[in-house]
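Shown next, in structure tokens, is the structure this report addresses.
The values are calculated or read from the model by the stated rules, or taken from the named source; none is laboratory data. Treat the numbers as computed from the prediction; the structure is a model and nothing was measured. We place every Cβ from the backbone using ideal geometry, glycine too, and count neighbours over all the protein chains shown. Side chains are part of the model used for accessible areas, which takes the heavy atoms of the whole protein and leaves out ligands, DNA and RNA. Shrake-Rupley method; radii C 1.70, N 1.55, O 1.52, S 1.80 Å.
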Amino acid sequence: MTLISRSIFLSRVKSCVTWACKSLGRTENYVDKYNTNLLQRNVKVIVFWSSAKRFHTCRSECAKLFVEVENASAHAWMEKSPVYSPTICKPIDFNHEIIYGNLEEITLQDWTGRSSSEILAAFKDASIISKNSCMQVNDPGIQNLINAFISNCNNLEDSEILTALQCLSLWPQCKSPKERPYFSMWTALDKECVKRSKEWSVSMCLLVADHWQILNLVRWSEYIRVFFKKVGRKLDKLKHHEFVQLMFYINLSRKLPVSASKFELTYAFENICETLSLEELSIAAMGFFKTQTKLRNTHVGDVLLSRLESSLRMGEPPVPDSITLAALLKTLRYIISPSSCFALKKMLDASLPHINSISLLGCLHVALIGSNIQVFHEASTNKVCQRFATEIENARLKDIERLALVLTLFNHDPNTRPCIYNTMVTDVRRRITEAEKKGEMWFEMERHGECLLRFLSYLSMRDIFPMDIIERAMDPSFLSHVYGESWRKIGREVLVLDQNIEIRSQHQPNNRLSPKLKENLVKKFSFTEMDEYKKGTAAFRFHSDILQTLEGFPGAQGKVKTWNLLPHFEQPDIVFCTDEGNNFLDVDLPKCGSSVFKSPSDQGIWHVVVLCGVNNTIKFSNKPNGPIVNKVRQLETLGYKTALVTSHEWFALKPEEKHNYLRKKLLI
């Protein structure tokens, strides 16, 4: 097998993108500029010639801004594995003896009544000819052959069905799988596969499924659904490599077998996870990730962490490539539980020597992996940020937004050179400016505008306000483009950005949310009463315990309220007012829907008890995370006297100690 070099791979992507951009109506300058940017990116991929040569791409695949190599890499690994290769589509033989010397010999003949083997041989020759010519499958000269091919699909042998699917992948891509006669051809083959699947073994079913994935029709094929249903009934009887390959196709289809529950699928994986290699674990795990199937057994996460740590620390098993590593880290983020904190820390310690050698995307997932369970690993985060600070031009907007999330979540400044915050803002500004010079919307922003708004909202929580970018992002026409015309589809990030600007920014942009829209978003995202907020949870019990303790203070009965003074934060706080002598006052709270309620100086001293639960504290340090720090800062800006109470401190107190603890915190 021959490896495709980076230059060859990018040149093919360039031609594919050129076609896609022009078909979408892009200008020549846009195409040239986009291709220039593409060639400047440090894309590191290993794609086997036999796989890349046979991928059939439709318009939706070609129009993707960033080429997805994760699935191609997984398929290439299975293709070279002796265990998987028998059920992987083999490359078609381009050097076979062509029966019909040229296209005219095919087009001039009447194929009606010919045998299925003759028709297939002619179709194979036409497919190979089309690979090196501009002939499309809807070319009028070959419609007689195409019609005969469709009519004779039911007479093909099983091996000939596979050959026909391979041949179909050689033709130039169509705009849509429903474009005729391409639609008629693949549906005829699809029906035959469905009909014969009852008699096929699991190995044969997997082999046929692989031919459908070469055509990029996994989500369209009825055979794939029937195959999933059949195999889903016998998960416990599958060999481990059969299960992994099944998960590869589940990943592509984004759907689980209707005949198997999530529990059955996860249980089957849990039983074999210790016998799989890291590459196999990443392939199977991506199937769960893409179908949003949570692996609830913490044992799986522990196995993955242990295997990955051993690989990174001692090279046993060998360290996986960047694509496999990124897939594993991405999946681990949703698997690991708080009980795995120490194992995660050990794995991140082992990753430090490798951060400078893995891809930028792999680096990002190193930084992200602890975000769901509030585990912050400073050393690895700093190294990742330094990589981004020097290679920011190779990152996607989504990558920049995710890194900003990590830094904001853990309230961290990595002190990179150059400054990572300035670097991110400068690069985003550059991308927007370059696109605007050509009179076009930046392609990333057009497709993923919500990433830009989330990025800005994270920066605003760090008191960073790039006003020129904010003006563009908060423009009503841009918000409509991103979320549609209905305000109900607008995300929380827009409300957070607008409120942070109002409270903390020295300069106010011209584009802000209208009062009516803001009021609607406040009602959508915030809870004003604790009874509305996750009743029965640990957070509710924490809140209720503090509220009852406060109401035990002299004169506090009925004067301590639960209210959300900052409606862009979901959880409400405990609010009360005292006079200079620390006597509790009975005051009115703002009406629901008010955007920001400033502390009225003429009514006394307003106190806010900010609750910092387990999910708001950083593991190992018990410090409040970034959003809580930002909340306290904003409340103090508005004139409130704040007291931060963490759950680990509160629940460590004896009942008789809690009263004095609050009095010291509140200084009353």
Output for Cβ contacts, cut-off 7 Å, separation at least six or different chains, first residue farther than 15 Å from residue 611 by Cα in the stretch 641-664, second open to solvent by less than 60 Å² (accessible area, probe 1.4 Å) and assigned to a loop (DSSP other than H, G, I, E, B), reads 659/552
Test set (1) part of a helix (DSSP H, G or I); (2) out of contact with any Asp or Glu (no Cβ under 9 Å at 6 or more places or on another chain); (3) open to solvent by 10 Å² or more (accessible area, probe 1.4 Å) - residue 136 fails condition number: (1)
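Quick one: which of 416, 433 is open to solvent by 10 Å² or more (accessible area, probe 1.4 Å) and farther than 25 Å from residue 632 by Cβ? Walk me through how you get there before you give the answer.
On the way: 416 fails: open to solvent by 10 Å² or more (accessible area, probe 1.4 Å).
Within the list 416, 433, the selection yields 433.
Has the stretch 365-381 got at least one residue that is aromatic (Phe, Trp, Tyr), under 26 Å from residue 346 (Cβ atoms) and touching a residue at least 12 places away in the same chain (Cβ under 8 Å)? Give the steps one after another, and end with the answer.
Within the stretch 365-381, the first condition is being aromatic (Phe, Trp, Tyr), and the residues that meet it are 376.
Next cut, under 26 Å from residue 346 (Cβ atoms) only: 376.
Going one step further and asking which of them are touching a residue at least 12 places away in the same chain (Cβ under 8 Å), we end up with 376.
Yes, there is a match, as at least one residue in the stretch 365-381 is aromatic (Phe, Trp, Tyr), under 26 Å from residue 346 (Cβ atoms) and touching a residue at least 12 places away in the same chain (Cβ under 8 Å).
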Show the residue pairs meeting these rules: Cβ distance below 9 Å; 6+ apart or different chains; first residue within the stretch 552-572 and more than 16 Å from residue 662 (Cβ to Cβ); second residue among the acidic types (Asp, Glu) and open to solvent by 30 Å² or more (accessible area, probe 1.4 Å). 558/551; 558/586; 563/529; 564/529; 564/570; 572/529; 572/532
Total residues in the stretch 344-367, condition more than 16 Å from residue 383 (Cα to Cα) and open to solvent by 40 Å² or more (accessible area, probe 1.4 Å): 1
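Would it be correct to say that residue 178 is of a type outside the set (A, V, I, L, M), under 21 Å from residue 147 (Cβ atoms) and more than 30 Å from the chain's Cα centre (by Cα)? Break it down stepwise before answering.
Numbers: of a type outside the set (A, V, I, L, M): yes; under 21 Å from residue 147 (Cβ atoms): yes; more than 30 Å from the chain's Cα centre (by Cα): no.
For residue 178, the condition - of a type outside the set (A, V, I, L, M), under 21 Å from residue 147 (Cβ atoms) and more than 30 Å from the chain's Cα centre (by Cα) - is not met.
Select the helices (runs of 4 or more DSSP H) contained entirely in the stretch 483-559, then report the ones holding at least 2 residues which are at pLDDT below 90.
Numbers: elements: 492-504, 515-525, 538-551.
Qualifying helices (runs of 4 or more DSSP H): 515-525, 538-551.
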Does any residue of the stretch 100-116 turn out to be open to solvent by 30 Å² or more (accessible area, probe 1.4 Å), at pLDDT 75 or above and not small (Gly, Ala, Ser)? yes
Would you please list the contacts, defined by Cβ atoms under 8 Å and residues six or more apart or on different chains, that run from a residue in the stretch 115-127 that is farther than 16 Å from residue 154 by Cα and basic (Lys, Arg) to a residue that is modelled with pLDDT of 80 or more and assigned to a helix (DSSP H, G or I)? 124/163; 124/167
